[in-house]
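Working notes, structure below.
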Amino acid sequence: MAHINHHYLKLQAGYLFPEIARRVSVFSREHPDARVIRMGIGDVTEPLPPAVIEAMRCAVDEMARGDTFKGYGPEQGYPWLREAIAEHDYAARGCRVDADEIFISDGSKCDTGNILDILAPTTTSGNVIAVQDPVYPVYVDTNVMAGNTGPADERGEYAGLVYLRADRDNGFVAPLPDRPVDVVYLCFPNNPTGAVADRDTLARWVEYAREHDALILFDAAYEAFITDPTIPHSIYEIDGAREVAIEFRSFSKNAGFTGTRCAFTVVPRELTGTTPDGEQVDLHRLWLRRQTTRFNGVSYIVQRGAEAVYSADGREQTAGLIRFYLENARLIREALSEQGLEVYGGVNAPYVWVRTPEGEDSWGFFDRLLDEAHVVGTPGSGFGRAGEGYFRLSAFNSRANVEEALKRIGRMNLAVGRA
Ligand code: PLP
């Protein structure tokens, strides 16, 4: 008899995006002529930068010749890509990250889940795990799958997890936990709220982690959207972070790699975790072991494409993509503010976080937007309890779609909700 991982059965059936898809499909069936504009899922729409395409074409040609063909590459990634990242993403910002501390992967989604492989289950270790609320659902669900939580309650919150509420009173930057935690997921610029953490906030987190021997899992998938020069792009810009933090980065949102797949995870050599006997063990060694055993690397062609993101042309073209999406965000922000809505994010992030009209909850607003404007967004409540009463609009779209969506939303009465 094959026993299953019964923790999967605790996962909430109505995961956010399937439920959105279901409602949109019902609507489209009933209104076959309506052209629905999707501003919900955070997937990029613009093509890969020409420098990336060119590098991948050259790599394909290399694969076509016997003398330049590549088979398996290093599981951790090719040295030239790791070195380009160390130079441009870290040394250029004054932080020390060595190339061999960078592990190339096929996605930050995978790595933020996979990282649990090198941490003890909470049932045997007592690790206390904290997430921000609202939260990128992957952090929560992967902990549920790993057996690190109890069942969900009626509001969808899992027993055992510590939820750090981010709301407008704290500027959508969750406070430090009021009890000791061992692992904390931080995501800045934040999905879904678009909030960023300034240097003092990150320094407080690093200090907390050092004091409590905690591990920070820092997801910087959206760092390229930071426009404010005072906001750190990496947790390693903070002194002492190398001893307490793992950082996740991705080419998905800066260079349009959502379908191409390339990301990386930084595990500094100073970082340690504790064995059941209280011994300190190097996490870099464990992650290397994990990756070389379970992963066979990202394709050569894709890594050549990622390397081109750091070329002079690649950097200029990538900056152009970011500017394009941020201009979409600005248009969304301004249009909704003019209609009297409270709007957050969208300045250093591709997400605009909107407070729903008075008396209207997240799903109520979702339905009204779909019914009246044929526009799909993401209900904030899908990201956690603190997301109730909010709505996420993504700036990842064509300009024509953004303008059309805003025109339609402009005809709605958003001053008051239905309820
Ligand atoms: N981290 C956050 C916070 C995200 O919002 C996303 C995607 O939406 C990811 C990671 C996924 O990144 P990747 O495409 O590298 O798997």
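The table that follows gives values for the structure above.
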read-out	value
The stretch 229-238: number of residues that are of a type outside the set (S, T, N, Q), more than 10 Å from Cys95 (Cβ to Cβ) and over 19 Å from the mean Cα position of the chain (by Cα)	1
Wholly within the stretch 84-173, strands (runs of 3 or more DSSP E) carrying at least 3 residues that are within 15 Å of the ligand (Cβ to nearest atom)	102-105, 129-133
Selected residue [over 22 Å from Gly382 (Cα atoms) and not assigned by TED's automatic domain parsing to the domain that holds Ile332] from Glu207, Glu157	Glu207
Residue list for the stretch 192-233, restricted to those being within 15 Å of the ligand (Cβ to nearest atom), under 18 Å from Thr265 (Cα atoms) and assigned to a loop (DSSP other than H, G, I, E, B)	Ala220, Ala221, Tyr222, His233
Flag if Val24 is among the β-branched types (Val, Ile, Thr), more than 30 Å from Phe365 (Cα to Cα), surrounded by 11 or more Cβ atoms within 10 Å (Cβ to Cβ) and in contact (Cβ under 8 Å) with a residue 24 or more places away in the chain	no
Selected residue (only one of Ile226, Ile216 is touching a residue at least 60 places away in the same chain (Cβ under 8 Å), in the same structural domain as Asn127 (by TED's automatic domain parsing) and under 30 Å from Ala319 (Cβ atoms))	Ile226
Hits in the stretch 104-135 - residues which are hydroxyl-bearing (Ser, Thr, Tyr) and farther than 15 Å from Glu247 by Cβ	Thr122, Thr123, Thr124, Ser125
Any hit, the stretch 109-117, residues being within 14 Å of Leu217 (Cβ to Cβ) and either surrounded by fewer than 17 Cβ atoms within 10 Å (Cβ to Cβ) or outside the structural domain of Val162 (by TED's automatic domain parsing) (or both)	yes
Residue within the stretch 149-157 that is more than 28 Å from Tyr344 (Cβ to Cβ) and of a type in the set (Gly, Ala, Ser) present	yes
Some residue of the stretch 22-37 being under 21 Å from the mean Cα position of the chain (by Cα) and not assigned by TED's automatic domain parsing to the domain that holds Ser299	no
Counted residues, the stretch 234-253 - those being aromatic (Phe, Trp, Tyr) and within 16 Å of the ligand (Cβ to nearest atom)	2
Whichever residue in the stretch 240-271 is aromatic (Phe, Trp, Tyr) and in a strand (DSSP E or B) and, among such residues, is farthest from the chain's Cα centre (by Cα)	Phe264
Scope the stretch 272-298; condition in a loop (DSSP other than H, G, I, E, B) and touching a residue at least 40 places away in the same chain (Cβ under 8 Å); matching residues	Pro276, Phe295, Asn296, Gly297, Val298
Residue check for Thr265: assigned by TED's automatic domain parsing to the domain that holds Gly126, surrounded by fewer than 23 Cβ atoms within 10 Å (Cβ to Cβ) and of a type in the set (S, T, N, Q)	no
Some residue of the stretch 65-82 being free of Cβ contacts under 8 Å to residues at least 12 places away in the same chain and β-branched (Val, Ile, Thr)	yes
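The values are calculated or read from the model by the stated rules, or taken from the named source; none is laboratory data. Model, not experiment: these values are computed from the prediction. Reconstructed Cβ throughout: ideal geometry from the backbone, glycine too, with neighbour counts over all protein chains shown.
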